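The block underneath contains the structure these notes are about, expressed in structure tokens.
Bear in mind that the values in this text are calculations on the coordinates, not laboratory data. Please read these numbers as outputs of a predicted model, since none were measured by experiment. Cβ atoms come from the backbone with ideal geometry, glycine included; neighbour counts cover every protein chain shown.
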Amino acid sequence: MLRTRVIVGSLLAALVFGMLLFDTQFAPWYPLLYILVIWTGILACRELLSLLALKVRPHAIVALAGVVFALSCPWFPQVAYRESRIADWAILVLVVSMMIAFFREMAIYQGPGQAVVRIAMTCFIVVYLGIMPCFLIALRWLPGPEESGNRAMSALILAIFVPKCGDIGAYFTGRLLGRHRMTPYLSPKKTWEGAAGAFASAIVIAVIGASMGNRPPAWVPKAVLFGIVIGLLGMLGDLAESLIKRENFQKDASDAVPGFGGILDVIDSVVFSAPVSYLLISNDWVSPL
């Protein structure tokens, strides 16, 4: 299990890093990033739908279409409508998804049931797997002076690898030193020792990543702050996905990724921390880049 996790994790990290580097020659469209994002979003959405009880499960096509269009929002201002904003598109996708979910439930309605819950679940899936990751993807177009290097790619790498390396630190520290359970009901294997390892790993990776950027004033304390905040949100994102699984009596989202479980188990910490990663990095007064 441990060996598989290390091998698969290394391959995934190499794939993401290599793709980001190679995709720079296709700016500002980044087609490889788009393919990876959409593919991941579709698989994650299918996993989440399969976790939900049939009576509250929203229509798969509506949920999948909402997630795909939401994940596409960062590309719209770059490719077609340059005066628009990502937020405008994201809100539009959410509203349209909700309206379509309403229309479908009205069309098939035959009596009291879980119609309102299914509509709400459609909105939840679009926000969780579509709009929240938008903040992460939007970092790919982060403005910055050319002489500072590719600030946008550095930002994206930070937002991905800081929470994921926090996961890795938590896993290994928990295995070696874990004694005190942190959430015995929600995620029994997580320990306070593992949480400390997560914070330490996230801070180290944040400082290393920031050191490769433009090094603005006070970049070290800013990188430490970024590591602490994103490390915490990464852990909370892992627990949030555990809540979904426990509520539906599942240990893993699927077995799609050897050593990890499902796609959701791989991306949970990054998705949950994405909005705050964007907030911290895009604001110069707290950005470590």
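Between Ser50 and Met99, how many nm apart are label points set 7 Å from Cα along the C-beta direction?
3.3
Give, in nm to one decimal, the length gained when the segment between Ala120 and Trp39 is fully stretched (0.36 nm per residue of separation minus the Cα-Cα distance).
Details: separation 81, 0.36 × 81 = 29.16 nm, distance 2.40 nm.
Computed gain between Ala120 and Trp39 is 26.8 nm.
How would Met99, Met19, Met121 line up from fewest to most surrounding beta-carbon atoms within 10 angstrom?
Values: Met99 11, Met19 14, Met121 20.
The fewest-first ordering by Cβ neighbours comes to Met99, Met19, Met121.
Please state the charge dipole magnitude for the chain, taken about the Cα centre, from unit charges on C-beta atoms (+1 on K and R, -1 on D and E), reported in debye and rounded to the nearest 20.
Rounded to the nearest 20 debye, it is 640 debye.
In whole angstrom, how far apart do the alpha carbon centroids of region 220-248 and region 30-57 sit?
21
Which residue, chosen from His180, Ala60, Ser72, occupies the Cα position most advanced towards the positive end of the dipole of the chain, where the dipole is computed from +1 (Lys, Arg) and -1 (Asp, Glu) charges on Cβ about the Cα centre?
Among His180, Ala60, Ser72, the one farthest towards the positive end of the dipole of the chain is His180.
Answer with one residue from Ala87, Leu136, Gly194: the one whose Cα lies farthest towards the positive end of the charge dipole of region 2-282, charges on Cβ with Lys, Arg +1 and Asp, Glu -1.
Gly194
How do Glu193, Glu47 line up, fewest other C-beta atoms within 10 Å first?
Working: Glu193 18, Glu47 21.
The order, fewest Cβ neighbours first, is Glu193, Glu47.
Which of the chymotrypsin sites (Phe, Trp or Tyr not before Pro) across region 8-107 are loop residues per DSSP, with 16 or fewer other Cβ within 10 Å? Write out the running numbers ahead of the final one.
On the way: sites: Phe17, Phe22, Phe26, Trp29, Tyr34, Trp39, Phe69, Trp75, Tyr81, Trp89, Phe102, Phe103; in loops: Trp29, Tyr81.
Passing sites in region 8-107 are Trp29, Tyr81.
Is the C-alpha gyration tensor of region 5-80 telling us rounded, prolate or oblate? Criteria: a/c under 1.5 is rounded; beyond that, a/b larger than b/c is prolate, otherwise oblate.
Values: a/c = 4.97, a/b = 1.34, b/c = 3.70.
Cα axes put region 5-80 in the oblate bin.
Determine the dipole magnitude for region 12-146: charges of +1 sit on the beta-carbon of Lys and Arg, -1 on that of Asp and Glu, nothing else is charged, the reference point is the Cα centre, and the result goes in debye to the nearest 20. Mind dumping the intermediate values first?
Details: 8 positive and 6 negative charges, 83 e Å.
I would put it at about 400 debye.
Whose amide H sits under 5 Å from the amide H of Thr191, counting only residues 5 or more places off or on another chain, with H placed in the peptide plane?
Those qualifying (amide H under 5 Å, at least 5 residues apart or on another chain) are Met182.
Please compare each pair in Lys55/Lys251; Lys55/Lys164; Lys222/Lys245; Lys55/Lys245; Lys55/Lys190 to a cut-off of 27 Å on the Cα-Cα distance and tell me which ones are over it.
Numbers: Lys55/Lys251 21 Å; Lys55/Lys164 34 Å; Lys222/Lys245 34 Å; Lys55/Lys245 17 Å; Lys55/Lys190 31 Å.
Too far apart for the 27 Å limit: Lys55/Lys164; Lys222/Lys245; Lys55/Lys190.
Go through region 64-70 residue by residue and turn each phi into a ³J(HN,Hα) via Karplus (6.51, -1.76, 1.60, θ = phi - 60°); whole Hz please, and just put x for glycine and proline.
After applying 6.51 cos²θ - 1.76 cosθ + 1.60, I find 5, 5, x, 5, 4, 5, 5 Hz.
Ranking Asp252, Asp265, Asp284, Asp23 by Cβ neighbours within 10 Å, fewest first, what do you get? Each step should come with its number before you reach the end.
Details: Asp252 16, Asp265 24, Asp284 10, Asp23 19.
Arranged by neighbour count, lowest to highest, Asp252, Asp265, Asp284, Asp23 become Asp284, Asp252, Asp23, Asp265.
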